[in-house]
Amino acid sequence: MCASSARRRVGVRALRVPLGAVLAGLLLGGCSSSGGPVATATPSPTPMSRLETNALELPRIDFCSLVPDDAVADALGNASGADERPRSAAYGNGDQLALADIGRDRVQELGCSWSAGGTAARAWLFARPADAALARRVRAEAAERTGCRVVDAPFGRAAFRQSCDATQDRQRVRYAGLFDQTWLTCEVAGPRDVGAAGQQASTRRRAEQWCVRVASSLAEAR
């Protein structure tokens, strides 16, 4: 055992890693000749297609504080820069919000958002239990939105991905799906590509990873 080992919280990116892989990582990590731990590679993000959505049960709770800071930074494409924290907001069931095309209304959701540099990452879930009938109705409404396209997505039951082009250079990508009785929606909106030093990621790719991180964070809270 390394002399200076520390207990760490397993990150959501390593969700449901097989035990054999964990043991192999411990054996390969080992200790350096100086007695300190050997640096290991950062685990790759979990693709949405490998997220075990059928096994996830998501609690309907205030979850904003559960979402890791690095997940927010990745979703925003580091648009806020190294020294600037993104602006954040949260709301709960029964709060009054200014909704597009409706005005102010009381919502039956739990949600939060982060924004920086013209990019926003949002996530929310219905406060009440949802079923397949409600999921189909939400999907039908999403498909009717002008300027948007809806396709199937591996994000729970009755899930879909909605892509909306606000302008030629700006896009919003939303994933939504049913996890047992919890309906979760998450999205990234902003320029099609943001990043630094040529490391740009598409809005769709960042939205996919954002939703995986949000769902995993909620699942870990059970």
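What to note about this one:
- Any pair with Cβ under 7 angstrom, 6 or more apart, that starts in the stretch 46-71 at a residue that is more than 16 Å from residue 131 (Cα to Cα) and ends at one that is of a type in the set (S, T, N, Q) and part of a helix (DSSP H, G or I): 63/217; 66/217; 67/217; 68/217
- The single residue among 117, 190 that is surrounded by 22 or more Cβ atoms within 10 Å (Cβ to Cβ), in contact (Cβ under 8 Å) with a residue 60 or more places away in the chain and on the phi > 0 side of the Ramachandran plot turns out to be 190.
- Those strands (runs of 3 or more DSSP E) lying entirely in the stretch 36-113 with at least 2 residues modelled with pLDDT under 70: 96-99, 103-106
The values are calculated or read from the model by the stated rules, or taken from the named source; none is laboratory data. This one's a predicted model, so the numbers in the text were calculated from it and none came from an experiment. Neighbour counts are summed over all protein chains in view; Cβ atoms, including those assigned to glycine, are modelled from backbone coordinates with ideal geometry.
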